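> Got a structure here, written out as C-alpha cells. Questions coming.
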Amino acid sequence: MNTLAIVTGGAGDIGRAIAARLSADHDRVLLVDLDLEAANAAAKALGPAERFVALRCDVTDEADVAAMAESARGLGRVRTLVNNAGAAFSVSLQSTTAESWRRDTQLNSEAAFLCLRAVEDMLKETRGSVVNIASVNGLQVFGHPAYSAAKAALLHFTRLTAVEYGRFGIRSNAVAPGTVRTQAWNARADANPNVFEEAKRWYALGRVVDPKDVAEAVGFLASPLAAAITGVCLPVDCGLTAGSAELARTFSQSDDY
Ligand SMILES: NC(=O)c1ccc[n+]([C@@H]2O[C@H](COP(=O)([O-])OP(=O)(O)OC[C@H]3O[C@@H](n4cnc5c(N)ncnc54)[C@H](O)[C@@H]3O)[C@@H](O)[C@H]2O)c1
C-alpha cells in the first residue's frame, strides 16, 4: 500500500515546498488546508493527482480533523505528519484580546495535538514520525506574543510526544524557521516594502530563509537518516538565534564582526 505524508497548511508557501520535498520519499502527499481552492491549485501544480491530494480541513476543528484522518486512512499508510498550518494574529500584548489569544493558541499549538491524536494509530502501524513547524518566535521574543507562546508550547508538545510515543517507534521533532518570505508577510511587506532588507541585518548569513530551506530540514527529520533523532528543535534561521554580529561588534569594539 502507498506510503502517505500529511502536510497541514499544505496550500501555503512553506507547506507546498514541504509537500514537494516529501514526495521524493513518500508515494503520496495529502495537502490539508482550510482553503480548498488553494490546496487544489497547489496539488495540481505539484504533480499528478494520484501523488498529490488536496483536502479541506480546519485543523482547529475536532470533527474536521477526524474526517481528515478517515480520508488519510483510505489514501495510504501514514508515515509522516507535518503540522505546518499556522498564522500569527496579534502583534503585541497590548493589542491582544482574550479571543485573539485563543485563536493563536488553537491554530499554532492545539491543532497539532488534535492532528496527532487523530492519526496516531496509523503512525503506530508505520513507526512513522511527526514534524512540527514551530518558529524562532517560540525560542526568543520577536513580537506576536500569543503566537510565540503557542509556538513555545508546540516545542514542548514535540518533546512530550517524543517521550510518550517513543515506545511505538514514533519520532517527533520540530523545525523553527526564522523569517521566510511567504504570503504570511504580505501585510507587513505592504506596510514596509523594505521589511526583508531590514530583517537581513540580524541574520548571520545575511539573508532570510527560503521555503525550500525549511522543506529540506523537514525531509531530513522525517527520513531514516534521522532515525536516532527525536524530541529536538532544529532552527532553520540563517543564524538568527545564534547571535547578532552587530551586537558582537558593539560589545567587543572589533571590526571583525
Ligand atoms: N513565514 C515565516 O516567516 C515563518 C517563520 C516561522 C515559522 N513559520 C511557520 O511556518 C508555517 C507555514 O507558514 P507560511 O509562512 O507558509 O504561511 P502561509 O500563510 O503561506 O500558509 C499557511 C497555510 O495554512 C492554512 N491554514 C490557516 N489556518 C488553517 C486552519 N485552521 N486549518 C487548516 N489550514 C489552515 C492557510 O490557508 C495557508 O494555506 C506556519 O506554522 C508558520 O507559523 C513561518
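Only the coordinates and a few stated rules stand behind these numbers; no lab work does. Just so you know, these numbers come straight off a predicted model, no measurement behind them. In this analysis, Cβ positions are derived from the backbone assuming ideal geometry, glycine residues included, and neighbour counts consider all displayed protein chains.
> Tell me which residues, restricted to the stretch 58-68, are of a type outside the set (Asp, Glu), surrounded by fewer than 21 Cβ atoms within 10 Å (Cβ to Cβ) and within 9 Å of the ligand (Cβ to nearest atom).
Once the filter is applied, which keeps residues that are of a type outside the set (Asp, Glu), surrounded by fewer than 21 Cβ atoms within 10 Å (Cβ to Cβ) and within 9 Å of the ligand (Cβ to nearest atom), the stretch 58-68 yields only Thr60.
> Taking the condition more than 8 Å from the ligand (Cβ to nearest atom), in contact with a helix residue (DSSP H, G or I) (Cβ under 8 Å, 6 or more places away or on another chain) and of a type in the set (Ser, Thr, Tyr), does Ser71 pass? Steps first, please.
Numbers: more than 8 Å from the ligand (Cβ to nearest atom): yes; in contact with a helix residue (DSSP H, G or I) (Cβ under 8 Å, 6 or more places away or on another chain): no; of a type in the set (Ser, Thr, Tyr): yes.
In short, no.
> Which residues, taken from the stretch 69-91, are more than 18 Å from the chain's Cα centre (by Cα) and not in a strand (DSSP E or B)?
Once the filter is applied, which keeps residues that are more than 18 Å from the chain's Cα centre (by Cα) and not in a strand (DSSP E or B), the stretch 69-91 yields Ala69, Glu70, Ser71, Ala72, Arg73, Gly74, Leu75, Gly76, Ser90, Val91.
> Look at the stretch 2-16 and say how many of its residues are surrounded by fewer than 24 Cβ atoms within 10 Å (Cβ to Cβ) and within 13 Å of the ligand (Cβ to nearest atom).
1
> Given the criterion assigned to a loop (DSSP other than H, G, I, E, B), hydroxyl-bearing (Ser, Thr, Tyr) and free of Cβ contacts under 8 Å to residues at least 60 places away in the same chain, identify the matching residue among Thr60, Thr105.
Thr60
> Looking at the stretch 132-161, which of its residues are farther than 13 Å from Leu240 by Cα, outside any loop (DSSP other than H, G, I, E, B) and of a type in the set (A, V, I, L, M)?
Ile133, Ala146, Ala149, Ala150, Ala152, Ala153, Leu154, Leu155, Leu160
Yes/no matrix, rows are residues, columns are (1) among the charged types (D, E, K, R); (2) assigned to a helix (DSSP H, G or I); (3) under 26 Å from Arg79 (Cβ atoms):
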{"site": "Trp185", "(1), (2), (3)": "no, yes, no"}
{"site": "Phe196", "(1), (2), (3)": "no, yes, no"}
{"site": "Ala199", "(1), (2), (3)": "no, yes, no"}
{"site": "Trp202", "(1), (2), (3)": "no, no, no"}
{"site": "Gly206", "(1), (2), (3)": "no, no, no"}
{"site": "Asp213", "(1), (2), (3)": "yes, yes, yes"}
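> In the stretch 42-53, what count of residues is obtained for those that are surrounded by fewer than 23 Cβ atoms within 10 Å (Cβ to Cβ) and in contact with an Asp or Glu (Cβ under 9 Å, 6 or more places away or on another chain)?
Total meeting the criteria: 2.
> Exactly one condition in (1) more than 14 Å from the ligand (Cβ to nearest atom); (2) surrounded by 22 or more Cβ atoms within 10 Å (Cβ to Cβ) is not met by Thr230; state its number.
Only one criterion is unmet by Thr230, namely (2).
> Filter the stretch 100-158 for residues that are of a type in the set (Phe, Trp, Tyr) and away from the ligand (no atom under 12 Å from the Cβ) and give the result.
If the condition is that a residue be of a type in the set (Phe, Trp, Tyr) and away from the ligand (no atom under 12 Å from the Cβ), then Trp101, Phe113, Phe157 are the ones that fit.
> Evaluate the stretch 34-57: report whether one residue or more is out of contact with any helix residue (DSSP H, G or I) (no Cβ under 7 Å at 6 or more places or on another chain), touching a residue at least 40 places away in the same chain (Cβ under 8 Å) and within 10 Å of the ligand (Cβ to nearest atom).
Within the stretch 34-57 (the criterion being out of contact with any helix residue (DSSP H, G or I) (no Cβ under 7 Å at 6 or more places or on another chain), touching a residue at least 40 places away in the same chain (Cβ under 8 Å) and within 10 Å of the ligand (Cβ to nearest atom)), the answer is yes, since at least one residue qualifies.
> For residues that are in a helix (DSSP H, G or I) and in contact (Cβ under 8 Å) with a residue 60 or more places away in the chain, scanning just the stretch 227-254, find the one that is farthest from Glu164 (Cα to Cα).
First pass over the stretch 227-254, keeping only residues in a helix (DSSP H, G or I): 240-242, 245-252.
This time we only want the ones that are in contact (Cβ under 8 Å) with a residue 60 or more places away in the chain, so: 240-241.
Details: Leu240: 31, Thr241: 28 Å.
Among those residues, the one meeting the criterion is Leu240.
> Pairs needed: first member in the stretch 172-187, over 14 Å from Arg207 (Cα atoms) and among the aliphatic types (A, V, I, L, M); second member anywhere, within 6 Å of the ligand (Cβ to nearest atom) and outside any helix (DSSP H, G or I); C-beta distance under 9 Å; at least 6 residues apart or different chains.
Going by the 9 Å Cβ cut-off, the qualifying pairs are Ala174/Ile133; Val175/Ile133; Ala176/Ile133; Ala176/Ser135; Ala184/Gly12; Ala184/Gly86; Ala184/Ala87.
> Could you look through the stretch 136-148, keep only residues that are more than 15 Å from the chain's Cα centre (by Cα) and in contact (Cβ under 8 Å) with a residue 12 or more places away in the chain, and pick out the one that is nearest to Pro235 (Cα to Cα)?
Gln140
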